[in-house]
Amino acid sequence: MEEKNTIKIVLIDDHKLFREGVKRILEFEDSFEVVAEGDDGAEATKLVKEHKPDVVLMDINMPNENGIQATADLVRYFPETKVIILSIHDDENYVTHALKTGAQGYLLKEMDADSLVEAIKVVSEGGSYLHPKVTHNLVKEFRRLAKEQAASSLSNGVEYRQPLHILTKRECQVLQLLADGKSNRAVAETLYISEKTVKNHVSSILQKMNVNDRTQAVVNAIRNGWVEVM
């Protein structure tokens with residue numbers, strides 16, 4: 001009998017060797033079940049219709065129909081199924097296109113096993129997950145755009161401002177350090193507080209800013225001028 005908390009997964013990748021490696025990793029997790037495999041984006045819709053998985057791991061580059069096209073179809077016809085893109089590309093254009101299409105996760109194929117497992121669990125629960133390298137590149141690009149916007153707005157008196165109407169002073173400090181690319185441990189060391197306290201501050205920041213993860217929080221903070229762009 002299938003357990004209620006089992007996460008059903010469909011794996012779509014045209015490289016059989018890579019697919020087998022990913023499948024072996026997933027089989028070590030008792031809460032995961034790979035219910036089907038395919039090697040083409042066009043096959044994804046049929047497999048999802050048949051097996052009704054919780055998560056689809058989707059290669060971005062495949063013959064006939066690529067992962068982006070397949071993701072668009074799945075999001076349209078099977079909105080309850082979450083898609084995580086697997087890719088060799090860390091360019092922000094690929095990432096942005098995938099996320100706009102409806103993917104809830106974006107992983108580079110250089111990922112480690114722990115990242116893959118965590119991504120599936122987070123996405124299956126309705127969250128989003130980006131590979132750390134991808135997150136860094138996205139934040140870097142937003143910082144570049146923010147600098148350009150700031151430079152063009154100087155004549156209008158636009159200045160950096162902390163969101164003290166939303167966050168506490170300590171949460172503003174944590175948000176700034178997140179924008180600087182610091183991990184929870186680094187934030188804790190900088191502010192002389194525990195990692196547990198940092199995690200509590202981050203959870204509060206996400207809730208108050210109405211975002212799902214720290215990447216979205218940083219991006220929104222940069223857009224609003226709530227953090228200093230280095």
Quiz item: Sorted by accessible area with a 1.4 angstrom probe, largest first, how do 227, 35 fall?
Solution: 35, 227
Self-check item: Gyration tensor (alpha-carbon) shape descriptor, segment 1-46, a/c threshold 1.5
Solution: oblate
Quiz item: Per residue, how many Å² of accessible area does the chain show with a 1.4 Å probe?
Solution: 56 Å²
Exercise. Quick one: angle between helix 67-77 and the longest Cα principal axis of the chain, in degrees between 0 and 90, rounded to 10, please.
Key: 90 degrees
Practice problem: Mind grabbing the accessible area of residue 8 for me, 1.4 Å probe, Å², rounded to tens? | Solution: 50 Å²
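How much length is gained if the chain between residue 200 and residue 52 is pulled fully straight, taking 0.36 nm per residue apart and subtracting their Cα-Cα distance, in nm to one decimal?
49.8 nm
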Exercise. Please give the solvent-accessible surface of residue 112 in Å², to the nearest 10, using a probe radius of 1.4 Å with every protein chain present.
Key: 80 Å²
Quiz item: If you roll a 1.4 Å probe over the chain with all protein chains in place, what percent of the accessible area is carbon or sulfur?
Solution: 48 percent
Practice problem: Could you state, as a whole-number percent, how many of the C-alpha pairs of the chain are farther apart than 24 Å? | Solution: 50 percent
Exercise. Could you list which residues have their amide H under 5 Å from that of residue 62, counting only those 5 or more apart in sequence or on another chain, with H placed in the peptide plane?
Key: 67
Practice problem: Take the Cβ-Cβ distance between residue 183 and residue 125 as r, set R0 to 25 Å, and report the resulting FRET efficiency rounded to the nearest 0.05. | Solution: 0.65
Quiz item: Based on DSSP H runs of at least 4 residues, each adding -39500 (n - 2.57), what is the mean residue ellipticity at 222 nm of the chain after dividing by all its residues, to the nearest 500 deg cm²/dmol?
Solution: -16500 deg cm²/dmol
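For residue 91 and residue 170, what is the calculated FRET efficiency with R₀ set at 25 Å and r taken between the beta-carbons, to the nearest 0.05? Numbers along the way, then the final one.
On the way: r = 36 Å, r/R0 = 1.42.
Once the sixth-power term is evaluated, E becomes 0.10.
For segment 1-88, what does the alpha-carbon gyration tensor say about shape, rounded, prolate or oblate, given a ≥ b ≥ c as the root eigenvalues, a/c under 1.5 as rounded, and a/b over b/c as prolate?
Details: a/c = 2.07, a/b = 1.24, b/c = 1.68.
Oblate.
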Practice problem: Assign unit charges at the C-beta atoms only (+1 for Lys and Arg, -1 for Asp and Glu), then state the dipole size of the chain relative to its Cα centre in Debye, rounded to the nearest 20. | Solution: 1160 debye
Quiz item: Given R₀ = 30 Å, FRET efficiency for residue 77-residue 23 by Cβ-Cβ distance, to 0.05?
Solution: 0.75
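The values are calculated or read from the model by the stated rules, or taken from the named source; none is laboratory data. Since the model is a prediction, treat every value here as computed from it, not as a measurement. Quick reminder, even Gly has a Cβ in these numbers, built from the backbone with ideal geometry, and neighbours come from all protein chains shown. Side chains are part of the model used for accessible areas, which takes the heavy atoms of the whole protein and leaves out ligands, DNA and RNA. Shrake-Rupley method; radii C 1.70, N 1.55, O 1.52, S 1.80 Å.
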